[in-house]
Amino acid sequence: MPSKTINPTRMELTRLKGQLRTAQRGHKLLKDKRDELMKQFMDVVRENRALRRRVEEEIMRAHASFTVAAALMSPDMLEQALMCPKQSVELEMSFQNVMSVNVPQYQFKTQGGGQGEIYPYGFAQTSGELDDAVDAMARVFQDLLKLAEIEKTSQLLAEEIEKTRRRVNALEYVKIPEMQESIKYISMKLDENERANTIRLMKVKDIILKEALEEKREASEKALQAFAEENSSAQV
């Protein structure tokens with residue numbers, strides 16, 4: 001028995017069958033989308049794990065060099081050395097569509113000099129460890145942006161997987177079974193109505209046959225009576 005009131009007509013049955021076919025096609029497409037999203041998500045997670053490990057190692061190396069430089073140089077000298085950078089960074093963001101999910105893509109450009117001009121200070125009053133720290137941070141910057149891009153991509157893909165999973169489950173365990181139950185209910189009611197109509201027609205047919213036989217019997221009796229009356233008149 002369906003959970004809501006349904007008008008058991010052939011038009012409603014046809015409409016529900018059309019909706020069921022659409023829901024089944026949508027269910028298959030959503031399952032395929034979910035599986036492909038899972039594949040893309042696992043690839044991104046593996047890439048994220050390797051990149052994060054590399055970025056953490058580079059940052060730890062830069063931090064160690066900077067710690068040594070801070071120990072060898074006075075705070076005022078260290079602050080003055082890093083006060084005025086020679087290069088600026090311009091960040092551009094675009095989007096890529098991955099299975100109907102717009103994931104970000106980051107690109108940056110440096111302005112104000114080449115790779116050899118990343119040091120905003122002279123070398124006379126600074127230590128070599130500060131050079132190593134600045135160089136390590138310059139090299140890890142692109143990996144940091146890539147890591148941010150991948151982590152945002154994995155977050156968006158996970159959200160889309162969850163939404164797709166809920167839709168698949170709603171179709172598989174709620175909508176499609178409800179439609180199938182409603183179709184079964186309407187089919188049973190239509191069959192029951194058809195059987196009831198057949199029984200009524202058979203009863204009407206029996207009544208008509210009985211009436212026809214009764215009329216025929218009455219006509220036969222009248223004919224016999226008339227024949228008997230004619231014979232009695234002829235004998236007189």
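The rows are residues; the columns are (1) without any contact (Cβ under 8 Å) to a residue 60 or more places away in the chain; (2) open to solvent by less than 90 Å² (accessible area, probe 1.4 Å).
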| residue | (1), (2) |
| --- | --- |
| M38 | no, yes |
| V44 | no, yes |
| A50 | yes, yes |
| R61 | no, no |
| S65 | no, yes |
| V68 | no, yes |
| E79 | yes, no |
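Within the range 5-26, does at least one residue satisfy the condition of being closer than 21 Å to I161 by Cβ and open to solvent by 90 Å² or more (accessible area, probe 1.4 Å)?
Start the filter on the range 5-26 by keeping residues that are closer than 21 Å to I161 by Cβ, which leaves 23, 25-26.
From what is left, the residues that are open to solvent by 90 Å² or more (accessible area, probe 1.4 Å) are 25.
Checked against the condition, which is being closer than 21 Å to I161 by Cβ and open to solvent by 90 Å² or more (accessible area, probe 1.4 Å), the range 5-26 yields at least one hit.
Answer yes or no as to whether K146 is among the charged types (D, E, K, R), in contact (Cβ under 8 Å) with a residue 40 or more places away in the chain and closer than 26 Å to Q24 by Cβ. Break it down stepwise before answering.
Values: among the charged types (D, E, K, R): yes; in contact (Cβ under 8 Å) with a residue 40 or more places away in the chain: yes; closer than 26 Å to Q24 by Cβ: no.
It is false that K146 is among the charged types (D, E, K, R), in contact (Cβ under 8 Å) with a residue 40 or more places away in the chain and closer than 26 Å to Q24 by Cβ.
Can you find even one residue in the range 19-42 that is assigned to a helix (DSSP H, G or I), touching a Ser or Thr at 6+ places or on another chain (Cβ under 8 Å), of a type outside the set (F, W, Y) and over 26 Å from N97 (Cα atoms)?
To start, the set of residues in the range 19-42 that are assigned to a helix (DSSP H, G or I) comprises 19-42.
Subsequent filtering for residues that are touching a Ser or Thr at 6+ places or on another chain (Cβ under 8 Å) retains 30, 33-34, 37, 41.
Subsequent filtering for residues that are of a type outside the set (F, W, Y) retains 30, 33-34, 37.
Next, from what is left, pick out any that are over 26 Å from N97 (Cα atoms): none.
No, the range 19-42 contains no residue that is assigned to a helix (DSSP H, G or I), touching a Ser or Thr at 6+ places or on another chain (Cβ under 8 Å), of a type outside the set (F, W, Y) and over 26 Å from N97 (Cα atoms).
Could you list all residues from the range 163-201 that are modelled with pLDDT of 90 or more, open to solvent by 100 Å² or more (accessible area, probe 1.4 Å) and out of contact with any helix residue (DSSP H, G or I) (no Cβ under 9 Å at 6 or more places or on another chain)?
R166, Y173, K184, M188
Take the conditions at pLDDT 90 or above and part of a helix (DSSP H, G or I) and apply them to E211. Does it pass? Reasoning before the result, please.
Values: at pLDDT 90 or above: no; part of a helix (DSSP H, G or I): yes.
Here the answer is no, as E211 does not meet what is asked.
Please go through the range 138-162 and give me each residue that is open to solvent by less than 40 Å² (accessible area, probe 1.4 Å) and in contact with a Leu (Cβ under 8 Å, 6 or more places away or on another chain), ordered by number.
D143, L145, L147, I150, L157, E160, I161
Please identify the pairs in which a residue from the range 87-105 that is within 28 Å of E36 (Cα to Cα) has its Cβ atom under 8 Å from the Cβ atom of a residue that is of a type in the set (K, R) and open to solvent by 70 Å² or more (accessible area, probe 1.4 Å), counting only partners at least 6 apart or on another chain.
V103/K152; P104/K152
The values are calculated or read from the model by the stated rules, or taken from the named source; none is laboratory data. Predicted, not measured: the structure shown is a model, and the values here were computed from it. No Cβ is skipped: glycine too gets one built from the backbone with ideal geometry, and neighbour counts run over all protein chains shown. SASA here: full protein model, heavy atoms, side chains in, ligands and nucleic acids out. Shrake-Rupley method; radii C 1.70, N 1.55, O 1.52, S 1.80 Å.
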